[in-house]
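Okay, so here's the structure we're looking at.
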Amino acid sequence: MSQPGTLILIMAIAVLAPLLTHGFSRWLPIPLVIFEILLGILVGPDVLGWAHHDAVIDALSDLGLSMLIFLAGYEIQFGAVRGDTLRRSVWSWVIALALGLGVAFALTAGAVTKSFVIGTALTSTALGTVLPILRDSGDLRGRFGTVMMAFGAVGEFGPIIAMSLLLSGRAPGTATAVLAAFAAVTAAAVFWALRPRPPWFSQVVAKTLHSSGQFAVRFVMLLLALMLGLSYAFGLDTLLGAFAAGLLTRLVLQGAGPESGEVVLGKIEAMGFGFLVPVFFVVTGIDFDLGALLDGGRPLLLLPVFLLLFLVVRGLPVYVLAPRDLDTRDRRALTLFSSTALPLVVAITAIGLDDKALTEGEAAALVGAAMVSVLVFPLLALRLRARSPRDLNTTGAGPG
């Protein structure tokens, strides 16, 4: 199918997926992303063969992934994510990285690059994928939402840092120096974002909020483009820039016009979840190598192994280090949500394929396990949360 035809097909899937989610919700609350990916597989080259993308579709898909990570970064509320909760979330990820690298070295018989790819992928949390599920279920509010935000943010940000250090192809010292330079520039941008904006800034935001000018939306897109360009200039993964742009955007909007912030966010989310993010997930399905997964047997056997390792490597440290004020059901739900992986697994396996560190079958098994985690883990976590006493505090505040 031609490029315009493939784009029409992708957008048709984007429209159909929420209808299917709504239809199935009376029996089973299946996450929207599952239908987007499965329908992408269906129209992809390994099944119906209708969709074949090119550079334009690839660019839109990459923008969709960047927007997903940007929105995850925007959701981080520093006032709520702090103190003991933040320390526990950081340590749980550090332990997961050590455990993941150890398991990967054992599985690959010491193949260094392959171990870095697999080990890093096992530590990720699909915060950008989980957030809409949590928001729709009401679980993003209260103490549980605060804790999930902390553990999810570190599970999203940590692997991006690890990718920059372990998978950049640079010497460790050079990679660390480059990352430190990027962090310094980002810190300067945060300092700028925290400074009061001049009165005209807020006035222009308010005046153009519902006009064709859309100053705030254009400013946010410029900020995202600048951070993506900065990460590219430093030779880092652009997802690092997307996440940083999300953090900066919240600070800027809070300082410039908090009364307009929710409206601006709604417009950005409409652009992201209404167009770019669905393109990324559908293209993920189109690109999924179903033939490699089903051919020969080994990749298919690896899929449940990787799924279990997501739960052990990422989930076990989360369960052990979860704040003590969470009851057992909430700790288990936190473990399942934190073990849900997908977007970063897709990005990391793409690096592994480019470096020829992974075979097509191994990459398909990793991505397939991540897809199953998105389908299974949030459903189990929501069931646990449904049987758990709900937080009385709905403001998102709680003990650090």
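The values are calculated or read from the model by the stated rules, or taken from the named source; none is laboratory data. All values reported here derive from a predicted model rather than from experimental measurement. Cβ: placed from backbone, ideal geometry, glycine included. Neighbour counts: every protein chain shown. With ligands, DNA and RNA removed, areas are computed over all heavy atoms of the protein, side chains included. Shrake-Rupley method; radii C 1.70, N 1.55, O 1.52, S 1.80 Å.
Before moving on, here are some points about what is shown:
- Cα-only Debye scattering, region 194-234: base-10 log of I(q)/I(0) at q = 0.23, 0.28, 0.31 Å⁻¹: -0.79, -0.91, -0.97
- Here the Karplus curve 6.51 cos²θ - 1.76 cosθ + 1.60, taken at θ = phi - 60°, turns the phi angles of region 167-183 into couplings of 10, 7, x, 8, 5, x, x, 5, 4, 5, 5, 5, 5, 5, 5, 4, 5 Hz, with x standing for Gly and Pro.
- Once the Cα-Cα distance is subtracted from the 0.36 nm per residue extended length, the ALA180 to ARG82 segment shows a gain of 33.1 nm.
- Identified option (computed Rg and Dmax of the Cα atoms in Å; candidates (1) 20.5, 65; (2) 21.0, 61; (3) 23.7, 86): (1)
- Once C-alpha pairs closer than 8 Å and six or more residues apart are averaged by separation and normalised to the residue number of the chain, the relative contact order reads 30 percent.
- FRET E, pair ALA111, GLN203, Förster distance 60 Å, beta-carbon r, rounded to 0.05: 0.55
- Label positions at ARG387 and LEU326, each projected 7 Å from the Cα along the C-beta direction, are separated by 1.7 nm.
- In this structure LEU222 has an accessible area near 90 Å², from a 1.4 Å probe over the protein heavy atoms.
- Of the residues LEU293, PRO199, ILE351, the one whose Cα sits farthest towards the positive end of the charge dipole of the chain is PRO199 (charges of +1 on Lys and Arg Cβ, -1 on Asp and Glu Cβ, taken about the Cα centre).
- Using a probe of 1.4 Å, the accessible surface attributed to MET221 totals some 50 Å² when neighbouring protein chains are kept in position.
- Estimated FRET transfer efficiency when R0 is 30 angstrom, pair SER137-PHE275 (beta carbons, to 0.05): 0.80
- With a simple spin-label model that places each label point 7 Å from the Cα along the Cα-to-Cβ direction, the separation between ALA188 and GLU259 comes to 3.5 nm.
- Taking all protein chains together, TRP192, TRP50 sort by accessible area into TRP50, TRP192, largest first [probe 1.4 Å].
- The magnitude of the dipole of region 241-361, with charges of +1 and -1 set on the Cβ of Lys/Arg and Asp/Glu and taken from the Cα centre, is near 380 debye.
- For LYS267, the lysines whose Cα falls under 23 Å of its own Cα, not counting residues fewer than eight places away in the same chain, are LYS207.
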